[in-house]
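Please read the structure below before turning to the comments.
Taken together, the values in this text are just the output of simple stated rules run on the coordinates, not laboratory data. Because the structure is predicted, anything quoted here is derived from the model rather than measured. Using ideal geometry, Cβ is built from the backbone for each residue, glycine included, and neighbour counts are taken over all protein chains shown.
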Amino acid sequence: MTETELTRKLLPEEKNDEFIAIESETFLQAAWRKFRGNKRALIGMVVLIFVVLAALFGPFLCPFSYETQLPEKNAPMSLLHFFGTDKFGRDIFVRILYGARISLSVGFVAAIINLIFGTLYGGIAGYVGGKLDILMMRLVDIIYSVPPTLYVVLIMLMFGPSVTSVMIGISISSWMGMAQIVRSNVMSLKEQEFTMAAFVLGAGDSRILIKHLLVNTMGPIIVTVTLMVPQAIFTEAWLSFLGVGISAPMASWGTLAQDARSLIEVYPMQTVFPMLAICITIFAFNFVGEGLGTALDPKQKH
């Protein structure tokens with residue numbers, strides 16, 4: 001290559017020969033792109049949206065109330081009663097829609113309580129460390145040693161069988177997992193350079209913990225919360241199925257399955273419908289949680 005070729009002016013069409021156009025995107029945009037690429041996660045999200053909308057607006061569109069007793073007892077499926085009626089003449093379809101409100105409320109409220117308490121507890125333990133961390137984690141071990149069902153039973157004996165009692169009982173025994181996840185992530189992140197830089201610049205402990213450490217732990221936190229909801233729904237359904245959950249006339253999915261258990265040999269579909277609702281919802285939450293786990297993982301490049 002001659003000196004003239006090295007020093008000559010580039011033509012306009014040659015100026016961008018080495019330019020590689022890459023569309024910039026934020027972390028959330030990249031996460032949404034990866035989430036959309038997961039078909040199971042998208043199907044789960046659509047199913048969850050449908051279930052939530054049906055729980056919110058479905059009972060208003062039905063001609064019967066969840067506690068209305070009709071003359072037609074154990075009626076088969078028809079255009080008037082999509083899922084038939086139970087042994088008291090109550091419309092099963094309406095009760096499943098109403099049960100979705102109870103089951104989803106238990107799941108979401110328990111997850112929110114676990115999110116707030118578990119995140120703060122694990123964040124403080126991981127950030128402070130030392131003797132306080134040891135003391136707080138030993139308390140977690142003590143709570144872990146008691147079966148979760150015992151908490152629910154004791155709370156219901158104290159306050160009676162209600163939705164609030166079930167929420168409190170489930171929340172008491174399920175926040176430890178969130179605390180341990182947050183603690184391990186905070187302990188790892190507090191040794192990173194950006195944490196040291198924030199400390200050198202004069203940021204306080206609360207600002208470093210909330211603005212820097214917990215924010216960078218939001219990926220695992222969101223995934224854990226997503227998986228907590230179906231866990232709480234299943235726990236409530238299992239307790240109600242055993243007869244120690246929500247009492248009549250309120251109807252969760254577990255209560256509906258428990259009510260139909262005595263007629264399972266004669267009218268098996270009365271048990272199948274609420275169990276299908278539980279399974280579909282839990283699978284949908286698991287699919288969404290799996291998709292979020294992949295989308296929010298910074299190690300996943302594609």
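Only sites in a loop by DSSP and with at most 14 other Cβ atoms within 10 Å count here; which trypsin sites (Lys or Arg not before Pro) in the stretch 155-240 make the cut?
none
Its DSSP H runs of at least 4 residues, each contributing -39,500 (n - 2.57), put the calculated 222 nm mean residue ellipticity of the chain at -21500 deg cm²/dmol, to the nearest 500.
Diagonalising the gyration tensor over the Cα atoms of the stretch 67-112 and scaling each eigenvalue by 5 before taking the square root yields semi-axes of 27, 10, 6 Å, largest first.
The share of Cα pairs per 10 Å bin across the chain, counted from zero up to the longest distance, runs 6, 21, 24, 20, 13, 8, 4, 2, 2, 0, 0 percent. Span-like helix check, the chain: qualifying full DSSP H segments, with Cα axial length of 24 Å or more and mean Kyte-Doolittle of 0.0 or more, are 39-61, 92-128, 218-242, 269-295.
Note on PHE159 and MET275: their simple-model spin labels are 3.1 nm apart, each label 7 Å out from Cα toward Cβ.
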